[in-house]
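Below is one structure, written out as structure tokens, with a few remarks after it.
Since every read-out is calculated from the coordinates, none of them should be taken as a lab result. What you see is a predicted model, and the numbers here were worked out from it, not measured in a lab. As a convention, Cβ positions derive from the backbone with ideal geometry for all residues, glycine included, and neighbour counts pool all protein chains shown.
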Amino acid sequence: MLTIGIDVGGTSIRAAAVDRNGVVVDSTRTQTPSSAVALENALQRLVDHLRDRNDVAAVGLAVAGFLTEDRTTVRFAPHLPWTETPLAAILTARLGLPVVLEHDANAAAWAEYRFGAAAGSRIAVMLALGTGIGAALLLDGRIYRGAYGVAPELGHLRIVPEGRPCPCGKRGCWERYCSGTGLVDTTVEMLAAAPGRSALAADVASDPGSLTGRRIAGAAHDGDPVALAAFADFARRLGMGLALVADVYDPELVVIGGGVSDSAPLFLDDAREHYAAATTGAGHRPLARVRVAQLGDAAGLIGAADLARRAVPDRP
């Protein structure tokens, strides 16, 4: 049996038919429309395209936003045109297939638990380091969602008192330092303090918007001192946050995913050292293993497809 997993992002939508082993057998994508009606039409077109070529039994959507605890309604999605929208019922009626919603970080964590880096782990935390920080917690093979369906928002742990302002309304949130956006902000601050030390300075001076996490990673690989310093700061902040997560959840495994994880060789070993030093009881307790995700940017749609499969357990 195949099910369809869809990762609904703010700029693009990716959909795939996925088998019971988490293997993508067919896929398609499109740009994300700006209105709710146009977005729902686009989702239907993607599903119709895939089921014209495959026998599918259900659809799972990975959504970057707050869902109700029963995962039927999108409460709020900052980059999508849905607010208090009973999306599962709307799409089920349009498609004639069972539709399951899931938070995108939860869907990615579930995929890593079923088919990737978190397989067999009893207590695992997933951190998706992208534009912000998406997070998920798995307890004995179950996704923890909290009382109202929005846990855990680890990206908004405050790690820098009175630090950088965050769109959430607080200051000093973890994702303002340990995300692709945070890495760029750190690099810009370092360039302002010492512009002559880096080849990146000319790029920023001519086109401030040209500086990206990928560009900074490339410069770091080339030995650029400011880029290397930015990644060193990133590693330190990541280790600080991991220590907080360990103090609260005491996980056996932390999986690092998201786009920034592509640059893990530049920061992850140092982050592990900072984490080990900052954890309460350091040196007298076991530490969680910290691993890079295995399924890449397909994790969200693979997880959504697998969760959708559970809605039709009677199919072979």
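Here are the numbers for the structure shown:
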read-out	value
Candidates Thr28, Thr279, Thr187, ranked by Gaussian network fluctuation over the chain, Cα under 10 Å, top entry	Thr28
Ranking of His79, His103, His49 by count of other Cβ atoms within 10 Å, fewest first	His79, His49, His103
Mean Cα-pair separation over length for region 120-293, i.e. relative contact order, pairs under 8 Å, 6 or more apart, %	23 percent
Estimated dipole of region 120-293 in Debye, rounded to 20 [Cβ of Lys and Arg +1, of Asp and Glu -1, Cα centre]	440 debye
Selection of GluC sites (Glu not before Pro), region 67-102, meeting DSSP coil and at most 14 other Cβ within 10 Å	Glu69
Net length gained if the chain between Arg285 and Val25 were fully extended (0.36 nm per residue, minus Cα distance)	89.3 nm
Alpha carbon centroid spacing (whole Å) that separates region 232-291 from region 149-172	18 Å
Size of electric dipole in the chain: Cβ of Lys, Arg +1 and of Asp, Glu -1, about Cα centre, debye, nearest 20	360 debye
Most fluctuating residue given options Thr131, Thr92, Thr186, as computed from a GNM of the chain linking Cα atoms under 10 Å	Thr92
Of Pro86, Pro161, Pro152, the one that fluctuates the most in a GNM where the chain has Cα springs shorter than 10 Å	Pro161
